Structure formats: structure tokens, C-alpha cells
1. In whole Hz and in residue order, list the ³J(HN,Hα) couplings for region 64-80 that follow from phi through the Karplus curve 6.51 cos²θ - 1.76 cosθ + 1.60, θ = phi - 60°; x for Gly and Pro.
2. Just the C-alpha atoms of region 4-102: what Rg/Rh do they give, with Rh taken as the Kirkwood radius?
3. Could you pull out the trypsin sites (Lys or Arg not before Pro) across region 23-64 that fall in loop regions by DSSP (anything but H, G, I, E, B) with no more than 11 other Cβ atoms inside 10 Å?
Amino acid sequence: PASWEKATAARDESGGIIDLVTDDEILNAYRLLAIKEGVFGEPASAASVAGLIKMAKKQNFSGKKIVCIITGTGLKDPNVPRRYAQPPTELAANLSVVEDFLFKD
């Protein structure tokens, strides 16, 4: 974090935790946010989601309220999605073709 003292104070005040996540875990969370939630955050903002994913593998959060703050926009570093995105899908300019693509399993 930018301010370790503020981060540990927030952790202590909220009863939260601080853990370490890897760049790969952050990029995975970054992609999941875009694909599953339509959120285009910057990779640094995806760190909290990466931490949640990591912790969810260790413990059950059923019935808990969890907040992950995504403050940075993906437009801060537009080259990241270009490096990791799948190539665009080209479709014929036909409504039924587009609908079939959008609503396939």
C-alpha cells in the first residue's frame, strides 16, 4: 500500500486482515472483474479482489459482508488489457448472428 501506517490502522480498526498477492493473482482478478462484472479497473485496484479470491479458498465467507474498493480506472494503463485480452470476435452484420453469439452457452 502507498501508506503502510494507514493500511495497518484501517486493518486494526475494522478487524480486517492484510495478505500478499502475486502479480498473476492480481491480473486474474483484473480479468474476472472485467468479464464477470463489467468493471474496468486498473490492475492495482484488482489487488483487493485478488486477496478475496485467495482468502475464499481458505475460509467460508457465507453470511459475511465483504467490500473490495476499485478506485482506479483501467484507462490509467490501457496497454494492460491489450496484452492479456483475447482477440476480438468478428461477426456478420446480422442481428440473428449477433444474438446467437451473445446468447450461446
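1. For region 64-80, the Karplus-derived couplings read 9, 9, 10, 10, 10, 8, 10, 9, x, 7, x, 6, 5, 9, x, 6, 4 Hz, x marking Gly and Pro.
2. Rounded to two decimals, Rg over Rh is 1.10.
3. K57, K58, K64
Readers should treat all values here as calculations from the given coordinates under stated rules, not as data from a laboratory. Everything numeric here is computed off the predicted structure, so don't read it as measured data. Positions of Cβ are backbone-derived with ideal geometry, glycine not excepted, and every protein chain shown enters the neighbour counts.
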